[in-house]
Every structure is written in structure tokens, then in C-alpha cells.
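Down below is the structure, laid out as C-alpha cells.
Only the coordinates and a few stated rules stand behind these numbers; no lab work does. Computed from a predicted model, the values in this text were never measured in an experiment. Because the Cβ atoms are built from the backbone with ideal geometry, glycine has one as well, and the counts that use them run over all protein chains shown.
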């Protein structure tokens, strides 16, 4: 009777969920796979220097919205500095200034940029001024010789530039070249030389600096290339990769022979650039897509909620997936964990820390907390004040870890603050009690069980497909609910239990 | 793996999901749990029904009373201190004597008044209770166990766990404390579990953790083939607990005191599954046999007689 009731309920939920899911997927054509991730990048420039009490002015070239890149968001982070942004000769420059600064100074520029896929040709520009080469005497003769050599082997302006690059990059000893370039020329010097040679043929060209926005993560440094004016358009030529045309992977920072950062009043300048592709799927893009296809359905769906709320739900809706997994691991496999839902909360915090660093941080935090908890045991404190003390210590430990890892330059250490501290406190308390009552092996066993469960839950919950599925089709939660309820009447053995009772079979 | 599971179910081994799903959730109504989860209520229930229990010396309910503890304990040279709602034997302190102002625990260690008071405070704050809510501390008579167990127990008190299903004793086990279990009678702590023949009260197989043994590891005396005294009486007491608690699936823990005879220590609405390992036998066939054949039998005497007569044949 009981079971029949349950089966009917579960079947109803299951088919209701499945039906709605199929209706949306097949009839309304909601996408089953996550859409293309929009190309959003985080660019961070960190400027470090030491100041000695004099007025400081730091100038930094920053990107501007162009046909290829649009700046979604920009931040200038500094302590006590005045900030002004100006446009000089088509370059955008931010100026940080302060009357009096002393000691180590750090300035941040942070931008979120989106790569546009336009496919349009570069914009036309007329009336381009030719900058004279200013070569004289022997230099002029050497430059003319190189130009003639290149011209003979080329057909048009672009191939001429390529030939010039070939000549300049060729390892063969060329007297004309060494006269113009000097010893160990920099990339910028080479490009400048090409521009000057080109101006002898009355071809306008200019030096451009920027960042290569690629799939790579992490540290980056500015690269230089040149732009040649061809058919009233600026065409880019990258001297290293030999890429020509519209260099759509290159984010322009500034044009001309200037340096990226100009600092007055400070010393020991150090510039670090970090580029990271942003993982966030553009929910805005997804919802506008749905909105245009199915106006009525859209009005009652998740994508009609404010963006912030949507973001919360995109995380929240993966929790049932994790919880379902937890039921499987605990009731079917028989893994022991501290607290029922603790692994899920830990898994959620792994979203911010990432798995490996999350595991390391968590283990360090729990071990340190446990050591202190064992010391507190000697003081014979009452339960609630003791728990409160452990909580305070956990927060202090988190702070300490953040500061330490930040000083060591490990950014992931900062995210330790996202761990659920109350859960950690309770874990430490339970673990120390299990440790004393049931022995260290049992405590460590359960600790490993909890972490393993959290890791698996994190890996499943953070799958792009899973997140997409539950946010676009929240009705799959009905299916999940029905399965979870069915598992609630699973009376078979747990996998680890079979191992426990194995001795009884061998009889 | 599936082959193993099939074999286990073939010999009637009950898993934890089976126990929860088809027995405790079905036969044990939630509202009766407090009767057995709170040892004070269990005690009162047993006394009202004329079942002997260890004498209650006192109860500590609020932090303030802890200060009067040493004064209160002056009257007693030995006693047991335990949480009213403890689980798995956690938080139980057995004091066997006093040395000046110090208390001697059953394992020979001495504790100070302050340590004892801190322990009581931990109990009151719910450290050992299910779900961590506020608890009471019980001070009661320390059982002096029957001399029959002298040779096979190390510190602590051996007890007899009898599983009672719908009032029928189904399976029984003798739990012997060892050095490893530090005098506690809980199998997960390293106590020995010895299966008992329901019909005769004679001990059968013994297990320590998951290993089959024949002698006590500390005293080196055989633990099998031992006759438990007053077996009929023990079974009657256990069977009677069904009417007391209305719990269909129940574990009853009884000790044999050398003077006062069988005393009910506590009852458990979610008894563990290790008793199957100790008896080298699964529950399920017996439970199903009772469900099929004897559910109508009324009196305690009839039920015990049925169990003794029939169950030994069911494997």
C-alpha cells in the first residue's frame, strides 16, 4: 500500500517533469546544450613601484572600444590617487596622480572586454599624414638599398612589408641593416626601422602596441606590430607570426613609440599584465535568444528574473543534483560523511576556489582547526563557548591563510573566505569527538569520505551541461525528486556493507 | 559484487537500508522513540512494569547542580555516570572507587572532581546526545556482574543484547568488554560479540571487530559454549519490553547482576546489525518466519516459548 502510493507519486512527478522537458526541448526548441560562451576576457594591469615622498604621476595606456573589442566594465584601483582619463593622439591614457606617496605603491587597472565577431573590413581612413623618415647621409643610402631590394621581390604594399620583415629578420650579415638597427635591436626598433623605410616610398605606416588575446590564461606582456595604410585602410602586419589584415585577436593599447607606463616621482617600476577568459555564460545573451523565439513561455520562465537572481539560481539549481549524488553515495555506496549536507556546501565553495586548491585549503584549515581544538580540550571549556571559540579561530585562520597566500602570490588562497565557516566549525567539532571516541582512523576515514563526496559533487555540479540543463529546464528537478524519493525506499545492501558482511558468506 | 549481494540476501542478512526501510520505519512509530532514547523514561517505564533496573541515584539537569556533585557523590563509593540520551555507549563513565578526592575509573585511571564535573557539563550541553540537544546526566548503581562472566571480561560490564521483533525474541548476543574497547560493551569500540542460541542460552560464535575468535584476547579464556544463567527470565524480560514501548523492532540490553539478577540497562529503537556477524546468521529469515507464522500469539510466555522452540530451526 505504502509502496504503491509512492510509486504512483514518483511516476507522476517523473512523467510530469519528463513531459515538460520534452515539450520545451522538442516542441519549443530550447537548446539542450549550453550555448556558445561569449568571448569575455578579464584584463588586469598591475603597476608596482616605490615612492619616496615626492609627487607621483603614473600614466598608463588603456584600451578603447573598437570594432573588435568592446569594454564592458572598467575599474581603476588605487589608494588615495586622483584619476583622470584623457585621449591623446587617438590613444586612451589614464593618469594616476598624488601629491605625496611613500613606500611600495600598487595601482590596478581592471577591464572586462568582450570580443566582437563582426566580420566587417577595417574602417576606412583618409588624409593620412606621412611622417618623414628623417634618414640622412649613409643611413639614407642604406635604407634606400634595403627598400630597393625588397621592392624587387614584392608585388604590392603588403608583400613589400613582408619582404622588409624578411630582410630585417634574416640572420645573414647585412651592413646596411646593422647600420640602421644597431646592436641587438629590440622588436620595437625593428618595426620603427621598417616604418621609416616605408616612408621613403611614401607609404604611411605606424607602430601599434597591444595584447594578444588568445586561449591562454595568465601572465601576458604587450606585443608590438605595425599598421600599413593600404587602399585608405590601416592593415595590420604582425612581424613575428606574419599575420596580416585585420588583427582581430589583438587588443590595441596604444600607437606610437611611447612606453606603456610613464612614471614620474617613483622608482623600481614593475608592470604585470594578466589575462583570463571569463567562464560566465552570458545569461543575457541566452535569455534574449529565448525571448525572441517564445514570448509567452519566456514570461513565466527563470530567464525573466533579474540577472542577479538568475545567477543565484544557476548555482542553487545545481544543488539538487549534488544532493541526489549524495543520496547515491551515502545510501547505495555507503560512504560515511560528517553531517548530512556538509559535502554539498563544501562542493559549492569549491566553485570559487577550484578543486585542487579548494581541497588543499580545506585540509589545511581543518587540520589547523583540529590541532587547536585538541588544545582547547585541555582547557575544559563549556560546549557553546568552546564552539564559539573554534568559530572565531576558524575565521582568524582563514584571514591568516588569505594574507599568507596573497603575500606568496597565490591568488587562490584569497578564496578561502568563501568556505562556510559555521560548517567548518561543526566539522572540526564533530571530527575531534569522533577522533576521541572512535579513534583517529574512523575520524580520518569520515573526513576523506566527506572530501571525496564533496569533490565528486563539485565535479558533477560544475559541469557546464548540468548547469545549463537545470537552469533552462528546471522541470528536470521533478525527475530528480521522483528518483530521490524512490531511493528513499531502497532496501537493498549498500556496497560497502557487502564488504562488511562478506565473512558470513564464506561459511 | 552482485553475486555476493545475492548470497548475502540468500542467507537472510539484513542491511542498514533494509532495517530502516522495512523494519524501523514500519514497526517503530516515531512517537514512541523518546521512550527509549531517554534512559530516564525507559527506567521509569521498566519500574512501573515491575522490571528490575539499576537503581537511580540522582539526575543532574542544570549546570548549577554540578557544583553540588562532589557533595552528592560522598554517599556512593562506586557508581555509573551517563547521559540520558547518549548513543553508542558514548559518554558513559564507570567509577569503581575513590582514592581521597580522586575517582577511580573502571580502567584504573584516576580522575579529579573537576574532570568529572567537566564531563557532566559536556553531557548537559548535549555533546553525546542524538542531534546534540540539551541532555541530562544520570548517576546510577554500578552493576556487579554475575561471576559466570568473571573469566571472560576485561574491566567494564558484559551485557546481553536481545533483538525483539513484535514481542518475539529473535536473536541474542553477549557483548564482552576488552582492553581495546576500554571496558565498554560496544562492538564498534572493540568489544567481543558472542552469538547466543535462543533456545538454550548457550554461547555460539564470537567475533572481535570482523574476525571470528574462540577465546577472550585479554583473559585467554574460551567464550563459546558458555551457559548464560537465568536465560528464560532474560528472554521474558526482553519480550515484555515490546508491550512497554510499543516498538515492534527493538534491541534490549540486559545485565546480570550477581545480587539483583537481570537488570534492564537500556533499549534501542535502531539496534545495530553486528549481532548478525556475532551469530553468523542473518535476521531476515527469522523475522519473516515470525511475520508468517506467529503474529497472533498474545502472551509474553507464549511468545518466548515459540521463539525458543521454533527459531533455532530457522536459518
At each listed q (0.19, 0.22 Å⁻¹), what is the log10 of I(q)/I(0) that the Debye formula gives for region B:60-121 modelled as equal alpha-carbon point scatterers? -0.70, -0.94
Based on the Cβ-Cβ distance from residue B:67 to residue A:360, what FRET efficiency comes out when R0 is 51 Å, to the nearest 0.05? 0.65
Helix B:300-310: angle to the longest alpha-carbon principal axis of chain B, degrees 0 to 90, nearest 10? 50 degrees
Against the longest alpha carbon principal axis of chain A, how many degrees, from 0 to 90 and to the nearest 10, is the axis of helix A:383-407 turned? 20 degrees
Kindly state, as a whole number, the per residue volume in cubic angstrom of the convex hull around the alpha carbon atoms of region A:336-461. 94 Å³
Label-zone membership for region A:470-507, site residue B:6, 7 angstrom Cα→C-beta point, backbone N under 18 Å: A:492-495, A:498-499, A:502, A:505-507
Using the alpha-carbon atoms, what tilt in degrees (0 to 90, nearest 10) does helix A:137-152 show relative to the longest principal axis of chain A? 70 degrees
Restricting to Cα pairs below 8 Å that are 6+ residues apart, what does the relative contact order work out to for chain B? Please round to a whole percent. 20 percent
Is there a simple number for the mean count of other chain Cβ atoms within 10 Å of the Cβ of residues in B:119-127, and what is it? 3
Quick calc, residue A:73 & residue A:170: beta-carbon distance into FRET formula, R0 35 Å, rounding 0.05, result 0.20
For peptide A:474-487, what's the mean number of Cβ atoms from other chains within 10 Å of each residue's Cβ? 0
Expressed as a rounded percentage, what relative contact order does chain A have, with Cα pairs under 8 Å and six or more residues apart? 19 percent
In this structure, the FRET efficiency calculated for residue B:220 and residue A:399 from their beta-carbon separation, with R0 = 56 Å, to the nearest 0.05, is 0.50
By Cβ neighbour count within 10 Å, fewest first, A:260, A:461 rank A:260, A:461
Project the alpha carbons of region B:172-219 onto their principal axes and report the range along each, largest first, in whole Å. 31, 19, 17
On a C-alpha basis, how far is the centre of region A:338-380 from the centre of region A:441-507 in Å? Whole number, if you could? 21 Å
Shape call for chain A from the C-alpha gyration tensor, a ≥ b ≥ c root eigenvalues: rounded (a/c under 1.5), prolate (a/b greater than b/c) or oblate? prolate
With springs only between Cα atoms under 10 Å apart, run a GNM on chain B and tell me which of B:206, B:151, B:137 wobbles the most. B:151
Can you give the average number of partner chain beta-carbon atoms within 10 Å of each beta-carbon in peptide B:10-22, as a whole number? 5
Can you tell me, using C-alpha contacts under 8 Å and at least 6 residues apart, the relative contact order of region A:328-457 as a whole percent? 42 percent
Fewest first, what order do B:68, A:429 take by the number of other Cβ atoms within 10 Å? B:68, A:429
Solution diffusion estimate, µm²/s, Stokes-Einstein, region A:137-255, Kirkwood Rh from C-alpha pairs, 25 °C, viscosity 0.890 mPa s: 165 µm²/s
Under the rule of -39500 (n - 2.57) per DSSP H run of 4 or more residues, summed and divided by the residues of the protein assembly as shown, what mean residue ellipticity at 222 nm is obtained, to the nearest 500 deg cm²/dmol? -12000 deg cm²/dmol
